[in-house]
Amino acid sequence: MNVILLGPPGAGKGTQAKGLEERRGLRQLSTGDMLRAAVAAGSETGRRAKAIMDRGDLVSDDIVVAIIAERLDAPDVKNGFILDGFPRNGAQAEALDRMLKSKGMKIDAVIEMKVDDEALVERITGRYSCAKCGKGYHDRFERPAREGVCDVCGSQEFIRRPDDNEATVRGRLEVYNRQTAPLIDYYGKKGSFYAVDGMAEIAAVRRQIEAVLDRA
Ligand code: AMP
């Protein structure tokens, strides 16, 4: 089963995608994570993408389409995948359609996660993660059991994304509303489109997504 999670930054796409990886054996394909890995590795793609990402703008379609095209050829997506953060505009959606067709693949469900803008700013500016194992935390909603110590691996080092500050978040939301939100209509017209309430608690959102996938 192949799924697109559509929603603004901070909607919980990454959290839900990770849950689906564990429960359904689907592979999370997050272009944001892949680009951050390229930045950390200092690759040519990473060098080109870094300043754009720090500003909260979209990296060029060519780069992200090439990244996804390569990932879809890998054996680990054969059980199914979840696109998280891709496509992000009409050109990417059309490139994805062409790519899937040529590879004999299809999307079984597009799930929009609806969250209002002010909640997103609070969610994003408060989030951080363990530098060692990647476990996500939040200043208000999910603190480690022992302050300053990761619940999962015991590391005392935490990181925040450079683009998770308030000014950049507002810009990213603006980019989402202008460039990505029109995809709701694009996929709505194609069918296999569902919306869930992303304002609910993580477990409640998970149940809504599972119910969608059970009937998709
Ligand atoms: P994310 O982790 O999905 O919030 O993405 C972080 C940043 O990576 C975005 O603000 C963009 O700069 C870049 N990015 C991620 N996915 C895409 C995409 N599909 N198209 C263009 N830029 C992207």
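Okay, here's what the table says:
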| item | result |
| --- | --- |
| Computed label-point distance, nm, for sites Gln156 and Lys18 using a 7 Å Cα→Cβ extension | 2.3 nm |
| Partners for Lys78 among lysines (Cα-Cα distance below 22 Å; same-chain residues under 8 apart left out) | Lys13, Lys18, Lys101, Lys103, Lys106 |
| Estimated [θ] at 222 nm from DSSP helical runs (n ≥ 4, -39500 (n - 2.57)) normalised by residues in the chain, nearest 500 | -14500 deg cm²/dmol |
| Calculated FRET efficiency for the pair Asp54/Ala119, C-beta based, R₀ 25 Å, to 0.05 | 0.60 |
| Overall form of the chain per C-alpha gyration tensor (a/c, 1.5; a/b vs b/c) | rounded |
| Rounded if a/c under 1.5, otherwise prolate or oblate - region 99-191, Cα gyration tensor axes | prolate |
| Other-chain or far-sequence residues with amide H under 5 Å of Glu142's (modelled H) | none |
| Accessible area of region 136-216 belonging to carbon and sulfur atoms, whole % at 1.4 Å probe | 49 percent |
| Descending semi-axes in Å of region 27-83, equivalent ellipsoid built from Cα gyration tensor | 22, 11, 10 |
| Counted charge near Val175, where neighbours are those whose Cβ lies closer than 9 Å (Asp, Glu -1; Lys, Arg +1) | +1 |
| Theoretical FRET efficiency, 1/(1+(r/R0)^6), r = Cβ-Cβ of Phe141 and Ser102, R0 25 Å, to 0.05 | 0.05 |
| Near-label residues of region 172-189 by backbone N, under 11 Å of a point 7 Å along Cα→Cβ of Ala216 | none |
| Ratio Rg/Rh, restricted to region 166-216 and using Cα atoms, in which Rh is the Kirkwood radius | 1.08 |
| Computed label-point distance, nm, for sites Ser43 and Lys78 using a 7 Å Cα→Cβ extension | 2.3 nm |
| Crossing angle, helix 202-215 versus the chain [Cα axis fit, 0-90 degrees, rounded to tens] | 20 degrees |
| Two-site FRET efficiency, Ala131 against Lys189, from Cβ-Cβ distance with R₀ of 45 Å, rounded to 0.05 | 0.55 |
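The values are calculated or read from the model by the stated rules, or taken from the named source; none is laboratory data. The shown structure was predicted, so the numbers you read here are calculated from the model rather than taken from an experiment. For neighbour counting, all protein chains shown are included, and Cβ atoms are generated from backbone atoms with ideal geometry for every residue, glycine included. Ligands, DNA and RNA are stripped out before the accessible areas are found, and what is left, the full protein with its side chains, is counted by its heavy atoms. Shrake-Rupley method; radii C 1.70, N 1.55, O 1.52, S 1.80 Å.
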